[in-house]
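In what follows, a single structure is set out as structure tokens and then discussed.
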Amino acid sequence: MSASNITSTHPAVFFLMGIPGLEHLHIWISIPFCSAYTLALLGNCTLLFIIQADTALHEPMYFFLAMLAAIDLVLSSTALPKMLAVFWFRHREINFYACLVQMFFLHSFSIMESAVLLAMAFDRYVAICKPLHYTTVLTGPLITKIGMAVVTRAVTLVTPVPFLLRCFHYCRGPVIAHCYCEHMAVVRLACGDTRFNSIYGIAVAMFIVVLDLLFVVLSYVFILRAVLQLASQEARYKACGTCVSHIGAILAFYTPVVISSVMHRVARRAAPHVHILLANFYLLFPPMVNPFIYGVKTKQIRERVSGLFLRKDV
């Protein structure tokens with residue numbers, strides 16, 4: 001064995017398989033993937049443009065929505081272009097460090113999205129349960145601090161992952177059985193004791209999902225109690241209407257996570273492509289549907305979008 005092979009701890013490049021077992025369908029699979037990515041780009045860029053351009057929307061609720069749209073753009077753009085290159089051009093090669101960077105962005109921005117959804121639940125709690133204090137509680141400095149906390153938490157939790165992976169020797173080959181550099185798919189190629197990586201990844205995922213969902217549910221318990229105490233049915237309907245979009249975004253984000261988690265435990269013997277398709281659905285679905293959930297259900301945004309296209313027609 002040459003000295004270079006002995007000293008090398010990782011391959012220069014990895015090779016992404018795409019969706020194992022469905023390679024012959026990559027072109028067909030790329031059609032809905034590309035469509036979903038296009039819709040995500042169009043929808044989230046439109047949201048960001050409208051919120052930035054219209055000063056009437058410079059309110060806490062829309063600032064959080066802008067954060068969500070920006071996160072969705074980064075999340076989908078980190079994986080989809082390379083994924084489509086694999087499907088269309090069989091460009092499977094990805095530099096080792098580019099793989100770690102992609103992994104860092106995917107996992108950190110997923111954690112950020114969960115945190116922003118929690119922040120939006122807090123926004124709805126203050127708006128409905130303490131409406132007279134809304135502007136004094138959710139001030140600009142507090143929103144900035146929340147944004148910084150969202151980023152800091154995600155970066156702190158995910159930063160150890162690429163550094164740990166960099167230390168392994170990859171004796172099981174450079175081929176990743178996935179469409180992108182998913183953490184556990186890379187860990188499976190490493191030699192040595194990888195238990196800490198596996199436990200750390202599961203612990204972070206459970207910590208984020210359980211903790212964030214717990215506080216979201218708690219917020220809505222207080223919101224529901226406040227809504228039921230409102231005098232008129234119209235007021236109750238209006239209060240609930242302001243939460244519909246947020247509940248839709250929560251379901252769009254957490255439902256694929258729960259389904260994927262259940263499938264990993266219940267259907268362990270399922271074909272690998274089933275789990276990979278679910279993982280891709282998790283990356284594609286929220287960025288695609290969130291702009292349309294808020295565009296359809298939020299009157300102010302719906303009116304701005306309509307005005308934007310009407311002006312173009314004129």
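Just wondering, is there one or more residues in the stretch 18-28 that are in a helix (DSSP H, G or I) and either in contact (Cβ under 8 Å) with a residue 12 or more places away in the chain or of a type in the set (Gly, Ala, Ser) (or both)? Within the stretch 18-28, one or more residues are in a helix (DSSP H, G or I) and either in contact (Cβ under 8 Å) with a residue 12 or more places away in the chain or of a type in the set (Gly, Ala, Ser) (or both). Every condition in (1) modelled with pLDDT under 95; (2) open to solvent by 40 Å² or more (accessible area, probe 1.4 Å); (3) part of a helix (DSSP H, G or I) holds for ILE51 except the one numbered (2). Here ILE250 qualifies as touching a residue at least 24 places away in the same chain (Cβ under 8 Å), of a type in the set (Val, Ile, Thr) and under 23 Å from GLY295 (Cβ atoms). Here is the figure for the stretch 124-140: residues that are part of a helix (DSSP H, G or I) and either among the β-branched types (Val, Ile, Thr) or modelled with pLDDT of 95 or more (or both) total 5. Among the residues making up the stretch 149-173, those that are assigned to a loop (DSSP other than H, G, I, E, B) and either open to solvent by 40 Å² or more (accessible area, probe 1.4 Å) or of a type in the set (Asp, Glu) (or both) are THR159, CYS167, HIS169, CYS171, ARG172. Picking from residues in the stretch 100-114 that are among the small types (Gly, Ala, Ser) and open to solvent by less than 10 Å² (accessible area, probe 1.4 Å), the one that is farthest from THR78 (Cα to Cα) is SER114.
The values are calculated or read from the model by the stated rules, or taken from the named source; none is laboratory data. The structure displayed is predicted, hence computed values, not measured ones. Here Cβ is always computed from backbone atoms with ideal geometry, including for glycine, and neighbour counts include all displayed protein chains. Ligands, DNA and RNA are stripped out before the accessible areas are found, and what is left, the full protein with its side chains, is counted by its heavy atoms. Shrake-Rupley method; radii C 1.70, N 1.55, O 1.52, S 1.80 Å.
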